[in-house]
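Remarks on the structure that follows.
The values are calculated or read from the model by the stated rules, or taken from the named source; none is laboratory data. It should be emphasised that the depicted structure is a prediction, and the values quoted were computed from it without experimental measurement. Please note: Cβ atoms are built from the backbone with ideal geometry, for glycine as well, and neighbour counts cover all protein chains shown.
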Amino acid sequence: MNESLNLWPLAGVAVIVLGFILRFNPMLVVAIAAVVTGLAAHFPVETILASIGTGFIKTRTLPLIILLPLAVIGLLERHGLRRHAQHWISRFARATAGRLLIGYLFIRETTAALGLTSLGGHPQMVRPLLAPMAEGAAVSRHGPLPAQVRQRLLAFCAATDNIGLFFGEDIFVAFGAIALMHTFLLGAGIDVDPLHIAVWGIPTAISVFLIHGLRLYRLDNYLARHAEAQQAAGAPA
Amino acid sequence: MILSIQYLYWLAGIILAITCAMTLADRDHPRRWRSGLFWGLFAVAFLVGERLPPVWVGIGVLAMAILAGCGGVAVGSYRPLAEKAQQAVAARLGNRLFIPALAIPLLTVAVALGLKGVKIGDSFVLDPSNATFVALGVASVIALAVACWLTRDTPVQAMRESRRLTEALGWALVLPQMLAMLGLMFTDAGVGKAVAYLASTYIDMDYRLVAVMVYVLGMALFTMVMGNGFAAFPVMTGGVGVPILMGVYHGNPAVIAAIGMFSGYCGTLMTPMAANYNLVPAALLELPDRYAVIKAQVPTALAMLVVNTLLLYALM
């Protein structure tokens, strides 16, 4: 059935994988992969350029959500927002980075499940508020963090926002992904109630909260261990 | 409609044009002309992109990729507020500094829910197909006004700050769009069909567990390649889900679809192709390791793939 199937466009995938592993500049890797894929599918050069152009224009909403909040966030940072967020959290004696992130994971996942997916996000929530608070809680408990440990803590802040969003939004019935699944199955002649798709996502959504929550709980131990190691070494990194 | 997404494209275009002008005017910039050209091209894509011939846009995109790839996009000079002045502001405003920052997400939700489907006369107030984006734009503009008023600073300074963060992000700001474009190109070229063909030809799915694993892992791997679970779902569900899990093993379609999509999201957590979630945050947080966020996510994602396999096997 697949005699006419052209496997050569997979070369584009190979370019991406190699490019990312060898850590070339991702912009360049993606551009080359797009051209290679087009050539392998026997598209003429003009068609390749045109589909790169149309694809780029069609997806302009993606940078919009990052770009638009930057002026506000930048202005507030100029006036000490991140430092204030660090101070604010250190007033709570029981606050730890892990507990803060578990709380955030819970709120992010449940609000996303109710359809409120914009109550978070990297430029407007993680960079100005969540990351400085997590860092502030860790520093007030364990002292200054070595660069490696700080990087891991901040990466966990971004990861927690992503995980809460992904696994929450997909159990909201009106979310685009549910509509997409419903439409696709309908096209294959299978009629499923969108509500059922949403409900059957709940076991996974609960599991991810438990698994990632456990990792966040252990993050506090990780921070404590490294603080001790650093104090034992006697020199701040 | 009254507030269409087109206005936001123009707004973004103007912000980027200002960034471009500030970069070109910055005599101390290490890559003054090349960075300026990069942001200028990006501004053009927002201002008049939909009216240009697609071939021209394609050439512009490749030019941006070459500028970025040869290290042509760099950070310019910036004068931060003096330490003392910063402390004075923080002391005066206290927790009120949080207000504009929290206003962005809260207003976005309020505007999106409050004005959804509202009409004045015959036209919708918000662009119905892009309500959340438009709401985010409205929220950002209001929050900016509040931030200027609270900090007694000027919109010009806000533009300088926007430029500082835009330049700090650099090409990472453009990457999500590049990857989405590549995803569309993959679809046009039939990459999905080729992958589904390889998976179904070379793997023996006579065992229920193997079939479940092929579907779950296939969704994850395919999402890693395409950067997006939505692109993987039709291919894997069409190739394995419908004919094998539903056709041969009579699984419940709702369970298969729901867990399949979540397996795709596990892939999203592990791939640099999902730049908006993985690479941009690393750039925003100024982490030296571009893959730090992915590294933090991989253990959760792998554990969830095991859980998804077991759940699908037990529930379907």
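Structure data summary
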item: Boolean, A:Leu100 is within 7 Å of chain B (Cβ to nearest Cβ) and assigned to a helix (DSSP H, G or I); result: no
item: Qualifying residue in region A:18-33 (condition: part of a loop (DSSP other than H, G, I, E, B) and either under 27 Å from B:Leu136 (Cα atoms) or more than 24 Å from the chain's Cα centre (by Cα) (or both)); result: no
item: Residue check for A:Leu68: crowded, with 20+ Cβ neighbours inside 10 Å and outside the structural domain of A:Asp220 (by TED's automatic domain parsing); result: no
item: So A:Thr204, is it surrounded by fewer than 19 Cβ atoms within 10 Å (Cβ to Cβ) and hydroxyl-bearing (Ser, Thr, Tyr); result: no
item: Test result for A:Pro26, in contact (Cβ under 8 Å) with a residue 40 or more places away in the chain and at the interface with chain B (Cβ under 7 Å from one of its Cβ atoms); result: no
item: All positions within region B:288-316 that are of a type in the set (A, V, I, L, M) and within 18 Å of the chain's Cα centre (by Cα); result: B:Ala292, B:Val293, B:Ile294
item: From the options A:Leu76, A:Leu18, A:Leu28, A:Leu5, residue that is closer than 25 Å to A:Gly121 by Cα and of a type in the set (A, V, I, L, M); result: A:Leu76
item: Residue list for region B:18-37, restricted to those being among the small types (Gly, Ala, Ser) and buried (at least 18 other Cβ atoms within 10 Å of the Cβ); result: B:Ser35, B:Gly36
item: Unique residue being in the same structural domain as B:Val146 (by TED's automatic domain parsing), surrounded by fewer than 22 Cβ atoms within 10 Å (Cβ to Cβ), modelled with pLDDT of 90 or more and under 20 Å from the mean Cα position of the chain (by Cα) when the list is B:Gly60, B:Gly40, B:Gly13; result: B:Gly13
item: Whichever residue in region A:56-76 is modelled with pLDDT under 90 and assigned to a helix (DSSP H, G or I) and, among such residues, is nearest to B:Gly49 (Cα to Cα); result: A:Lys58
item: Entirely in region A:140-214, the helices (runs of 4 or more DSSP H) that have 3 or more residues that are touching an Asp or Glu at 6+ places or on another chain (Cβ under 8 Å) and within 9 Å of another protein chain (Cβ to nearest Cβ); result: A:147-169, A:176-187
item: B:Ala301 being surrounded by 22 or more Cβ atoms within 10 Å (Cβ to Cβ) and modelled with pLDDT of 95 or more; result: yes
item: Residues located in region A:108-127, provided they are in a helix (DSSP H, G or I), over 16 Å from the mean Cα position of the chain (by Cα) and either without any contact (Cβ under 8 Å) to a residue 40 or more places away in the chain or more than 15 Å from B:Thr108 (Cα to Cα) (or both); result: A:Thr110, A:Ala113
item: Of residues in region B:257-282 being polar (S, T, N, Q) and at the interface with chain A (Cβ under 7 Å from one of its Cβ atoms), the one nearest to A:Val192 (Cα to Cα); result: B:Thr268
item: Evaluation of B:Val73 against (1) closer than 18 Å to A:Thr117 by Cβ; (2) in contact (Cβ under 8 Å) with a residue 60 or more places away in the chain (one fails), failing number; result: (1)
item: Those residues of region B:227-244 which are within 17 Å of the chain's Cα centre (by Cα), more than 9 Å from chain A (Cβ to nearest Cβ) and of a type in the set (A, V, I, L, M, F, W, C), in sequence order; result: B:Ala231
item: B:Leu115 vs. criteria within 7 Å of chain A (Cβ to nearest Cβ) and under 27 Å from A:Thr59 (Cβ atoms); result: no
item: Considering residues of region A:215-237 that are in contact (Cβ under 8 Å) with a residue 40 or more places away in the chain and outside any helix (DSSP H, G or I) only, the residue nearest to the chain's Cα centre (by Cα); result: A:Ala237
item: Qualifying residue in region A:94-103 (condition: surrounded by fewer than 23 Cβ atoms within 10 Å (Cβ to Cβ) and without any contact (Cβ under 8 Å) to a residue 12 or more places away in the chain); result: yes
item: Near pairs, Cβ below 9 angstrom, 6+ apart or cross-chain, from region B:41-70 (more than 8 Å from chain A (Cβ to nearest Cβ)) to any residue that is buried (at least 19 other Cβ atoms within 10 Å of the Cβ) and of a type in the set (Phe, Trp, Tyr); result: B:Leu47/B:Tyr9; B:Ala63/B:Phe38; B:Leu67/B:Phe38; B:Leu67/B:Trp171
item: Contacts under 6 angstrom Cβ, first residue in region B:229-249 being free of Cβ contacts under 8 Å to residues at least 12 places away in the same chain, partner crowded, with 20+ Cβ neighbours inside 10 Å, 6 or more apart; result: B:Met246/B:Pro253
item: Pairs, first more than 7 Å from chain A (Cβ to nearest Cβ) in region B:168-193, second outside any helix (DSSP H, G or I), C-beta under 7 Å, six or more apart; result: B:Ala168/B:Val75; B:Ala168/B:Glu286; B:Gly170/B:Val73; B:Gly183/B:Gly227; B:Gly183/B:Asn228
item: Residues (assigned to a helix (DSSP H, G or I) and of a type in the set (S, T, N, Q)) located in region B:221-245; result: B:Thr223, B:Thr237
